[in-house]
Amino acid sequence: GNVIEKGACSLTLIQDGTLTAERAAAISGRNDAALGVKAEDTYSAAALSIVLHTRSPLVPTFRSDVRIFLVRTTTTTNDDDGGGEEEDTMAWF
């Protein structure tokens, strides 16, 4: 075109990944709201990258990255009769 010379878009999706102990520790260490994130929790992630190069060298290149990381944690709670109940929670990072 007259303004944009070339561009690219990339989408990456990961579903039902399993957290390693190192990744779980890194998440918990960076974010106090990451309570309960542990090794073997399931995660999903997505990343969208966009790059546009303009025809004119006087106009800067545009680049944008958007990412989301979701962790599904499972916790067991005890009730009064001694039994346990599993609860799924989702953490967004």
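The values are calculated or read from the model by the stated rules, or taken from the named source; none is laboratory data. Just so we're clear, the structure is a prediction, and the values are computed from it rather than from any experiment. Virtual Cβ from ideal backbone geometry, glycine too; neighbours counted across all protein chains shown. Side chains are part of the model used for accessible areas, which takes the heavy atoms of the whole protein and leaves out ligands, DNA and RNA. Shrake-Rupley method; radii C 1.70, N 1.55, O 1.52, S 1.80 Å.
Quick rundown of the values:
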quantity: Ranking by accessible area, most exposed first, for 74, 61 with a 1.4 Å probe; calculated: 61, 74
quantity: Förster radius 25 Å - calculated FRET efficiency between residue 11 and residue 55, Cβ distance, rounded to 0.05; calculated: 0.45
quantity: Dipole moment magnitude, nearest 20 debye, the stretch 1-67 about Cα centre, only Lys, Arg, Asp, Glu C-beta charged; calculated: 340 debye
quantity: Residue-span extension gain [residue 67 to residue 2] - 0.36 nm each, minus C-alpha spacing; calculated: 20.4 nm
quantity: 6, 38, reordered so the largest accessible area comes first (probe 1.4 Å); calculated: 6, 38
